[in-house]
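Below is one structure, written out as structure tokens; the observations come after it.
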Amino acid sequence: MKRQSRIGILALMVMAGCAPPGSPVAGDAALPITALANQNQCGALDQPAVRWISDSGAWRALYAQINRQRMNPPPPPPVDFPRAGVLLIAMGQRSTAGYGLALADEVATVRGGMLTVRVSWREPLPGARRAQVMTNPCLLATLPDAGFTQMQVLDQEGQVRLEGER
């Protein structure tokens, strides 16, 4: 009886277009994406990176690393692992103020196993006055786990800024 009900539930999920977390997405998919944090000082993220975090232990460790310079940081925002994950987008270390990241869309796309996220990639204008201060801008966002294997981050002009593997 239990086996029949599991098969029935699985059949309903397939008919409804649902897939278990982490399953490959057939064709194109649009995924809701939500910013969790957007910071100019992300501790120890000195190199540009895009990284997928898929479990609560890795999430807590990354959040602690990013906030290591803050006194009494808030706890990490909750994430529904394993149905969802956290995408880290880091610009790397910059020697002046004026850099930053924000989500440009509320939807990410998956096509052929490639997750594409659009961001507003802010840089100071050439020749503009800016404070000489070390920054490490990063963006943390949550989205459903759709089984993609590659990731790319596009800026507001459509230029690929970061690429990575899951």
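Shape class of region 27-86 from the Cα gyration tensor (axes a ≥ b ≥ c, square roots of the eigenvalues): prolate, since a/c reaches 1.5 or more and a/b is larger than b/c.
Measuring nothing but how far apart in sequence close Cα pairs (under 8 Å, 6+ apart) lie, relative to its length, region 34-166 scores a relative contact order of 34 percent. Here the extension length gained between GLU106 and ARG130 equals 5.6 nm, from 0.36 nm per residue of separation less the Cα-Cα distance. At full extension, THR34 and ASN72 could sit 11.3 nm farther apart than now, given 0.36 nm per residue minus the alpha carbon distance. Packing-based ranking of 148-154, 32-38, 72-78 yields 148-154, 32-38, 72-78, ordered from highest to lowest mean Cβ neighbour count within 10 Å.
By definition, a body whose alpha carbon gyration tensor gives a ≥ b ≥ c is oblate when a/c is 1.5 or more and a/b is not larger than b/c, and region 24-155 fits this oblate description. Residues of region 103-117 with backbone nitrogen within less than 12 Å of a virtual label 7 Å along the Cα-to-Cβ line of THR149, please, listed as ranges. In region 103-117, the label zone of THR149 (backbone N under 12 Å from the point 7 Å along Cα→Cβ) covers 112-114. Once backbone amide H atoms are built at 1.01 Å from N, GLY92 has ALA49 as its partners under 5 Å, excluding neighbours fewer than 5 places away on the same chain.
FYI, it's all coordinate maths here, none of it is from the lab. The structure presented is a predicted model; accordingly, all values stated were derived computationally and were not measured. So basically every Cβ, Gly included, is an ideal-geometry build from the backbone, and we count neighbours across all protein chains shown.
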